[in-house]
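What follows is one structure encoded as structure tokens, with my remarks underneath.
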Amino acid sequence: MEKKPKIAVLAGFGINCEIETKYAFELAGAQARIVHLADLLSKKDSLSNYHCMAIPGGFSFGDDISSGRAYGNKLKYSLWDEMQGFIRQGKLIIGICNGFQILVKVGLLPNTGGKYAQEATLYANASGKFGDRWVCLKEEEKSKCIFTKGISKIYLPVRHGEGRFMARDGEVMRRLEENGQIALRYCSQSGEIATEYPANPNGSQEGIAGVCDRTGKVFGLMPHPECHIFPENHPRFARGESAESQMGIHIFRNAVKHIQKELL
């Protein structure tokens, strides 16, 4: 019998998608637990007890200063050594929406240079308004990302006001491309990279919706895969437009399968 990977789904301080994220991992075959960040900071629990850490979506600290900045500071100044040890052991990290913003602000993503310095940001949507819609995404062919393997196209909802991915400079963008760190891009129904609204819901540079680090084991994306884990979640399911191959559950299954192989 295959072992169930243990997943720490962070919660607290404004994170609000922890229940959906926990359920998605459990549906994929993992043993998931909601862990309040305060319990990690106080040493009541430890990342060493888990194989994967998930930072779900939400509005941590009310998005004060900028989305993800305050929560990221708590991680960086109180849990940094433990997190780096977690990464050195080859364990997985996924950040969804606000979680992606947090990982980018602390420099865990994209980390093209290996220095954990902020190389990109997730800026206010180019539309000037909060975006709440469903979008198509395609996996980048050269991607190293563990979570997106085998996903040709996926259909997920977005709901954010600060999701525009912008690299610090052309050199960071060049390394993202060369290192295979671009995991997902917004695309049209026909699969063409989307640079215009609404297919690109926030104006992200080069249509980037998700990136990974150089190992492919730390991953962040703005859309919500935990919100499309059943065909019935698709907004046009009753019209017969839902496709199992385009569901977000595959992202969680990929993580679980990878960990199970590592545990053999």
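The numbers here are math on the coordinates, done by the rules we state, and not lab data. On a predicted model such as this, the values are computed, not experimentally measured, just so you know. Note that each Cβ is placed from the backbone with ideal geometry, even for glycine, and that neighbours are counted across all protein chains shown.
A few comments on the model shown:
- Cα-derived Rg to Rh of the stretch 1-132, Kirkwood definition: 0.97
- For the stretch 37-94, the equivalent ellipsoid built from the Cα gyration tensor has semi-axes of 21, 13, 11 Å, listed from largest to smallest.
- Cross-link reach list, aspartates and glutamates versus LYS6, counting only Cα pairs under 20 Å and skipping chain neighbours closer than eight places: GLU18, GLU20, GLU26, ASP39, ASP45, GLU82, GLU226, GLU262
- Theoretical ellipticity at 222 nm over the chain - DSSP helices of four or more residues, -39500 (n - 2.57) apiece, nearest 500: -7500 deg cm²/dmol
- Spin-label model, ARG236/SER42: points 7 Å from Cα along the beta carbon direction are separated by 4.9 nm.
- The stretch 127-264: proportion of alpha-carbon pairs further apart than 27 angstrom, %: 18
- Mean separation of Cα pairs under 8 Å and 6 or more residues apart, divided by the residue count, gives the chain a relative contact order of 19 percent.
- Restraint check, LYS22/LYS115; LYS105/LYS142; LYS115/LYS138; LYS4/LYS74; LYS4/LYS138; LYS22/LYS138, Cα-Cα greater than 27 Å: LYS22/LYS115; LYS115/LYS138; LYS4/LYS74; LYS4/LYS138
- Directionally averaged projected area (convex hull, Cα atoms, the chain), nm²: 13.3
- Taking the chain as a whole, the Cys residues whose C-beta sits 4.7 Å or farther from every other Cys C-beta are CYS17, CYS52, CYS97, CYS136, CYS187, CYS227.
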